Every structure is written in C-alpha cells, then in structure tokens.
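Enquirer: Let me begin by handing over the structure; questions about it come next.
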Amino acid sequence: MNRKSKNINIPLFWKFAIILSFVIIIFGSINIHLLWNSVYNSFDKEINKRCTVLAKIVAEKSLSPLVFEDYLTLHEILDEIKESDPSISYAFILDGSDEIVAHTYDLIIPKDLISINKPNAGKANIQVIQTNNFEYPVIRDIAYPILNSDVGVVRLGIVEDQIHDEIMRVTYRLVIMIIAFFLIGLIGAFFFSYLITSPIKNISNKLQIIDLKNLENEDYSIPDRKRFKIFNFVITDETDILVSKLTDMIFRLKRSRVELKESQESLVQADKLAALGTLSAGVAHEVNNPISGIKNCINRINRNPENIKQNSEYILLIKEAINKIEGVMSHLLSFSRKQNIVLSKIDINRVIENAIDLTKHELQTKDVSIKLDYSESNLINGSSNHLEQVFVNLILNSLDAIIEKREKDKSFQAEIIITVKRVKNRIIVHVSDNGIGIPDKSKDKIFDPFYTSKADGKGTGLGLSVSYNIIEKHRGDISFTSQIGIGTEFIIELPSFDKK
C-alpha cells in the first residue's frame, strides 16, 4: 500500500546554510585530526631527537670518568643533566657488565628497568615504557652506547606527560584557530546564503501574490535589487538576469491576458451569432405571424374605411402585433448585443424563461417538450444577457442530442427538463435531456474551445467553452453527467444574491 508522502518545506536560505555548515564541520574535523597526527608525529620525532642528543652528551662526558672509574664525576654529570631538563625522570650508567655505576635515583633501580631496553647493534634505542607503581605512567627510555657498548651504556628516562602536555598546548592553539576559522566560515556561510537566497526569496514572494484575474490592472513588476558598485563598475550576476526575465515574462503575460480577454469576448459574441443563426427560423416565425395579421387588418380597413367601429378594433390588433414584433426584436437585439459582464441582482427563473422563449419555436417544430420547475424566485448576482446565452446553448445542445437519437428511434418521446432549487447559499440549476448522450471519448474535451462531436457544419465548438467561462466569471461551477443512449444532465451552481 502506497503511503502519501509528506512535503517538508525548508527555505532555500536554510538549505544553503545547512549544507555549507555541514561541509565546514566535516572539513574542520578532518583538519583537526590531520593536524593532531602531524603535530604528534612532529613532536615525537623532536623528542626522540632531543633524547638522543641528551644521551649522546652524557655518553661523551662519561667516557673518561667511566674508564678511570671516577664514579663521583659520573654522578655529578647525571645530576647536572637532570637539573638542566625537568622532563628527565631518571638517568643511570651501566658498565660493560650491565652493572649500575652511577644514577640519579635515591631508590634502588628495578632490575626490570635495567633489562627492558638495550642498544640495538651498537646504536641508540628508544622505547616507550608503561610503568606500574611509579609517579609517571609513561616513560620514554633511551639506551645510548658508550664506545659501542664496550665501555658502558647511558640510560635516560623522559617523562611522556610533559611531552603530551606540550603537544596538547600546541594542539589547543591549533584547535582554537580552527574553531575560529570554523565560526568565521559559518558566518560566511550564512552571509553568502543570505546574498544568494534573499533576491530569490523576494522574487518568490512577489510571484506568490500575483493574481491572474487582476493581472492587467495591477503592477506586479519585480524591482531591481541593490547592486554592488565599485568605482564605475556595477557587479551583476544570474539573479539580475532572472529578475529581468521574470519582469519581461510578467509584462508579456499581462499583454497576453488582455489579448485573451478580448478573444474571449469575441468568442462570446461569435457564439451568440452562431446561436442566432440556429434560431433564425424561430425568429422569422415570431415576426411573420404578426406581420400577416397586420396585412390582414390593413386589407379589411381598406375595404371598408367608413366602418369606424370595425377599424378601431383592427387598429388595436395592429398595435398588439407591432408590440409583439417590437418585443421579439428587442429581445433579439438585447441577446445579440455585445456586453461586458456586470453583476447585478437578477432572478435566474426569468433568465431561463427568456432562453426558452428564444428557442421555443425550434423545440415546437422538432416536437420536443420542455418543462421548467421552480417554486420561488431565485435571486443571484449575475448578468442576464450572458446567463441567457448559457441556457440557450444548453437547450440547443439538448435539442441536437435529441435529434441525433431520433434518427435511430423515431418513436421516443423527447423532453428537456429544467429544475431550479436553492441549497443553502447556492442556486442549483439542472438541465437534463433524454437525448443520445455524450461519448466517453468526448467527456474530457467538451469544454475545450472549438471542440465538437457533431457532424461537420453543425456546430462551432464554442457553446460549452463560452458557457464554462461565463459561469466561472459568475463565481459558479458547471458540471455534467451523461450516459450513451439515456441522456445528459448539466448542473450549474451559482452563488445566491449577496445583499452586500
């Protein structure tokens, strides 16, 4: 079972800061380790060198007293060398038989200490000794031969603690320096992170407040950031190019938005004209009938102009017919007129009735019944002209679907049902028919501009696309359900009238 991943938002500034800090910590730790080893090895070599030099000095001074068995002088030499270097823990001299002839110890020197280190092939040998029950736990012991060990051996013990303390002091200074550089590096990391991410953050914040619906009315240009100036040279980088490109993109987007809005208005008008072409027969019928009545009345008046009573009745009939023609033409002109969407208080029931009036002749000639079901006035904030266009489109689409189904089944009873109801603060309109239905392959495309599943010459593909945009501008929703061979239902949801 796949679990939905959780997004964790980490600002770009902290990403840079964390990565740079991590790199500094890793390299700082490696440097501390390498410096520690380097310092320790260097001190180790220097201490060994010092031990060798001290032992050599003692060996050279002790040669003559040892040969002449002047043990007092040997003790003086050892005491002098021990006093000159506080790191010397002990010093003694062995003769050719490995017997102690002089030493700085007040105690008896253990035999284990005597035998633990000897010159190696007539050369000095240094060993690090772990001690027990001694003041210092670690001793660096050197055995230095006097005349290739034939005369004797000088033994010196150097305290490791002092060496270690000295190493620690030097290492401590180095660590302090590394920590200082580390802190400076961290400050630099945060500073450079700020330099890099600050303009990007400003761009991001600016882009987040862009409202495409008000793009043409608001200024969303991104201001140029402050740049470093050295003498007459202005330092720029990729961020400045990004700001320039985004500003240009916003300008072009604004221009495209204006052009798109103009195109949409043109499409709305084109769709109206296409609908008028479909309704032309019905409009002609609505006009021809009153004109025929007017002709008949005029002929009767001409035959008997002296009959004042009869002529008065005919004049009233003529006036009634003219009013009807005027109403039809006024409604037709109002529907075809290019208008901007201006929301005002309207009754959606009256809008639907007007759409039915425009299409009723087409419905009657195709023997299609239409039912309108509503129980009360349903007020909304809307544009009557544009919403009427939506319902005319839906009714004509339903009529086309019914005609297509009737070609296969001429006996079925065709009907269109429109219901209006209020649900809380929403007005919901259902426009359903029992026509052919929408094919599955077309369901994802029916709101696309210029898409139509009708035969060539029978549709512009604008109706539903224009209707979708009109409903969207009314802050509403339009959806549909459809089954092949059963019918289609469009559902329009609009906000009810807001007194504010």
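Enquirer: In segment 405-427, what residues are in a strand (DSSP E or B), in contact with a strand residue (DSSP E or B) (Cβ under 6 Å, 6 or more places away or on another chain) and either surrounded by fewer than 17 Cβ atoms within 10 Å (Cβ to Cβ) or free of Cβ contacts under 8 Å to residues at least 60 places away in the same chain (or both)?
Expert: E415, I416, I417, T419, K421, R426
Enquirer: Read through the list (1) out of contact with any helix residue (DSSP H, G or I) (no Cβ under 8 Å at 6 or more places or on another chain); (2) at pLDDT 65 or above; (3) within 23 Å of A17 (Cβ to Cβ), then give the number of the only condition that F228 fails.
Expert: (2)
Enquirer: Hey, does segment 390-404 have a residue that's outside any helix (DSSP H, G or I) and touching a Lys or Arg at 6+ places or on another chain (Cβ under 9 Å)?
Expert: No.
Enquirer: Next question. Considering only segment 365-389, how many residues are surrounded by fewer than 17 Cβ atoms within 10 Å (Cβ to Cβ) and in a helix (DSSP H, G or I)?
Expert: Adding up the residues that qualify gives 1.
Enquirer: Tell me whether segment 89-103 contains one or more residues that are of a type in the set (A, V, I, L, M), surrounded by 12 or more Cβ atoms within 10 Å (Cβ to Cβ) and assigned to a helix (DSSP H, G or I).
Expert: no
Enquirer: Now for a separate question. Scanning segment 448-500 for residues that are under 33 Å from the mean Cα position of the chain (by Cα) and part of a loop (DSSP other than H, G, I, E, B), which turns out modelled with the lowest pLDDT?
Expert: Per the criteria, the residue is P449.
Enquirer: Being outside any loop (DSSP other than H, G, I, E, B) and either surrounded by fewer than 17 Cβ atoms within 10 Å (Cβ to Cβ) or not assigned by TED's automatic domain parsing to the domain that holds L494 (or both) is the filter here; which residues of segment 429-447 pass it?
Expert: Within segment 429-447, H430, D440, K441, S442 meet the criteria.
Enquirer: Now for a separate question. Looking for something buried (at least 18 other Cβ atoms within 10 Å of the Cβ) and at pLDDT below 75 - is there at least one such residue anywhere in segment 145-158?
Expert: Looking through segment 145-158, none of the residues is buried (at least 18 other Cβ atoms within 10 Å of the Cβ) and at pLDDT below 75.
Enquirer: Within segment 64-75, track down each residue that is loosely packed, with under 13 Cβ neighbours inside 10 Å and touching a residue at least 60 places away in the same chain (Cβ under 8 Å).
Expert: V67
Enquirer: Do any residues in segment 119-136 that are at pLDDT below 85 have Cβ atoms under 7 Å from those of residues that are polar (S, T, N, Q) and assigned to a loop (DSSP other than H, G, I, E, B), where the two are at least six apart or on different chains, and which pairs are they?
Expert: Note: pairs meeting the criteria are G122/N148; G122/S149.
Enquirer: Further, regarding this structure: Return the residues of segment 11-64 that are closer than 30 Å to A91 by Cα and hydroxyl-bearing (S, T, Y); say none if nothing qualifies.
Expert: Matches in segment 11-64: S38, Y40, S42, T52, S62, S64.
The values are calculated or read from the model by the stated rules, or taken from the named source; none is laboratory data. As the structure is a prediction and not an experimental result, all values here were calculated from the model. No Cβ is skipped: glycine too gets one built from the backbone with ideal geometry, and neighbour counts run over all protein chains shown.
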